[in-house]
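The values are calculated or read from the model by the stated rules, or taken from the named source; none is laboratory data. What you see is a predicted model; the values in this text were computed from it and never measured. Positions of Cβ are backbone-derived with ideal geometry, glycine not excepted, and every protein chain shown enters the neighbour counts.
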Protein chains: 2
Amino acid sequence: MVRATDTRQVILDAALRLFEERGYAGTTMRAFAAEAGVATGNAYYWFADKDDLVQELYRRIQSEHRDRCAPVLGAGGTLQDRLLAVEHAYLDVIGRYHDFGVAFLSTAVGSDSPANPLSAASSEAREMSLAIYRELVAGARPLPTPRLRAVLPDLLWLCHLGLTLFWVSDASPDQHRTRRLVDTAAPLVTGLVRLGRLPLAAGFVDQLGRVLAVALEQSTGTVAP
Amino acid sequence: MVRATDTRQVILDAALRLFEERGYAGTTMRAFAAEAGVATGNAYYWFADKDDLVQELYRRIQSEHRDRCAPVLGAGGTLQDRLLAVEHAYLDVIGRYHDFGVAFLSTAVGSDSPANPLSAASSEAREMSLAIYRELVAGARPLPTPRLRAVLPDLLWLCHLGLTLFWVSDASPDQHRTRRLVDTAAPLVTGLVRLGRLPLAAGFVDQLGRVLAVALEQSTGTVAP
C-alpha cells in the first residue's frame, strides 16, 4: 500500500532518473508517470508541470539544507566555522543529485528558464537559500562591520552558486575536490572580516555591494519582464 | 570558386548553426558537411572530429580577443582601465556566439568533456587566454605588489570565466547587463591593489592564491587522469 506522500516522492525520483537519461527537454509528465508506475492524471495531481516538479526539487534541497544547518546556525561561532558547516551540509544534501546536475545544468542556465536559480519561478527556493546566508552572517561572532554585513549574505550566496557549478563539473570521487575548495576558501572570510575594519576598505566594500546588485538583479525583479 | 581557408570557415559556421539547433550530442561531422555543402571526407580533412572543431572555435575566439587587446596591452595604463578594455573587447568578439553559448554550455561544463575550459584538450585556448591576463597585470601602472601580482592573472581569469557564464544567461538586448557588470566590477581591482599594499592583506592574498590553485587544479594536470 503506497501512501500519498510516497507517490509524490516516487514521481519525483522517476523524473530525476529520466532527466539524467534524456535531459530536461526530452522528458514529459507522461513519461514520469509511466516510469513511476502511476496514471498520468495522478502525476498531474501532484505536479502542475515539469517546471513545478523542478521547483519542488529545489525547495526540497533548500529545506533539507536548512534542517541540517539549524543546530550550527543557532550556536554562534565564527563566520568561518559557520560557513564551513553550512557548505559541507549542502554538499551532504546534494551528493545524490550529482549525475542529475550535469544533465540539468544547460536548462538551469538558460536566461528564460524557470529553472534558472535567478528566475522569478525560483524565488521561493532562492529566498530559502538566501535566508540561510543571512542567518549565517547575523549570528556570527565577532560580528563583521555593518558595512560588510550589508553585502556578505549576497556575496556568500553568489560564491555558493559558483561552488555548485564547480561541484557539477567535479569528477573526483564523491566530489572531494569541492570539499577541499570549501576548506581552502573558508579562511578567506576571516581575512575579509579583518580587512573590513580598515577605513581604507570602506569604498571597496561599498563597490562590492554595487557589483552584487548588478549580478543578482534578475532576482530582485527590477528588470522589465 | 571557394578557397580552402573559406571551406574551413564554412564548415565551422555550419557546425555552429547545427549545435544551436540540435545541441552538441545531436550533431555529427557528416551533418556539418551536409549543412556546409561539402563532402564528408572534406570536412574530415579540416577537422579530426567534433571536439577538434570546438577547440578550433575556442582558439579562434582567443586569437581574435588577443588581436583586439594588443594595442591596449602595449600601452600601459592602470589595471582598471586595462581590465575594462580587455573585457569589453572579449564581449565584442563573442557577441555573435550568444545563441550557441546557451546550447553549448551543458557540454562545456561536463567534467570529462574536452570542451570544458579546464580540460587538457582546451589547454591551448586556455593558455592563450591566460596569457592575456598575465600581460594585463604585468604591464599595469602602478604595479601591484609582487604578492598580489602572483595571484591576479588567475583571479582575473576565473572572474572572466564567471563573466562568460553570466553572459550566457544574460537575456538583455545585446547583453548590455554583462557590459554594466564589467563597468561596475572593474573599480574593484583598483581597491584591491590599494588594499594589497597593507601588511594586514598579506595573509589574505596568499590564501587567495591557495584557493585559486585548488579551483584551477584541473588545468595544471596535477589530478590523476
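Pairs are defined by a Cβ separation below 7 Å, a sequence spacing of at least 6 or placement on different chains, a first member in region A:109-128 that is under 21 Å from A:Arg66 (Cβ atoms) and more than 8 Å from chain B (Cβ to nearest Cβ), and a second member that is crowded, with 20+ Cβ neighbours inside 10 Å and β-branched (Val, Ile, Thr); the pairs so defined are A:Ala115/A:Val54; A:Ala115/A:Thr107.
Is it fair to say B:Thr164 is surrounded by 17 or more Cβ atoms within 10 Å (Cβ to Cβ), among the β-branched types (Val, Ile, Thr) and modelled with pLDDT under 95?
Here the answer is yes, as B:Thr164 does meet what is asked.
When the residues of region A:182-205 are filtered to those that are of a type in the set (Gly, Ala, Ser) and surrounded by fewer than 18 Cβ atoms within 10 Å (Cβ to Cβ), the one that is nearest to the other protein chains (Cβ to nearest Cβ) is A:Gly203. Selection over region B:1-29 of residues that are over 25 Å from A:Glu21 (Cβ atoms) and among the charged types (D, E, K, R) gives a count of 5.
Go through A:Val211, A:Val182, A:Val168 for me and flag whichever is under 29 Å from B:Asn116 (Cα atoms) and touching a Gly at 6+ places or on another chain (Cβ under 7 Å).
After ruling out the rest, the residue left standing is A:Val168.
Of all the listed residues (B:Asp67, B:Asp92, B:Asp81), the sole one being over 25 Å from B:Asp6 (Cα atoms), more than 14 Å from chain A (Cβ to nearest Cβ) and modelled with pLDDT of 95 or more is B:Asp81.
Would you tally the residues in region B:28-68 being among the β-branched types (Val, Ile, Thr), surrounded by fewer than 20 Cβ atoms within 10 Å (Cβ to Cβ) and under 16 Å from B:Asp13 (Cβ atoms)?
Result for region B:28-68: 2.
Of all residue pairs spaced 6 or more apart or on separate chains, those with beta-carbon atoms under 9 Å, a first member in region B:174-185 that is without any contact (Cβ under 8 Å) to a residue 60 or more places away in the chain and a second member that is among the polar types (S, T, N, Q) and buried (at least 16 other Cβ atoms within 10 Å of the Cβ) are B:Arg177/A:Gln218; B:Thr184/A:Gln207; B:Ala185/A:Gln207. Look at (1) modelled with pLDDT under 95; (2) within 23 Å of B:Thr184 (Cβ to Cβ); (3) not in a helix (DSSP H, G or I) and you find that A:Gln218 fails only one, number (3).
Would you confirm whether or not region A:68-76 contains a residue that is under 17 Å from A:Tyr97 (Cβ atoms) and in contact (Cβ under 8 Å) with a residue 12 or more places away in the chain? The answer is yes; a qualifying residue exists.
Output the residue which, of all residues in region B:167-181 that are under 17 Å from the mean Cα position of the chain (by Cα) and either part of a loop (DSSP other than H, G, I, E, B) or more than 12 Å from every other protein chain (Cβ to nearest Cβ) (or both), is modelled with the lowest pLDDT. Filtering region B:167-181 for residues that are under 17 Å from the mean Cα position of the chain (by Cα) and either part of a loop (DSSP other than H, G, I, E, B) or more than 12 Å from every other protein chain (Cβ to nearest Cβ) (or both), the one modelled with the lowest pLDDT comes out as B:Ser169. On the given criteria, is A:Tyr24 surrounded by 15 or more Cβ atoms within 10 Å (Cβ to Cβ) and out of contact with any Cys (no Cβ under 6 Å at 6 or more places or on another chain)? Answer is yes for this residue. Selection over region B:145-182 of residues that are touching a Leu at 6+ places or on another chain (Cβ under 7 Å) and acidic (Asp, Glu) gives a count of 1.
All conditions but one from (1) crowded, with 20+ Cβ neighbours inside 10 Å; (2) farther than 25 Å from A:Leu163 by Cα apply to A:Arg82; the one that does not is (2).
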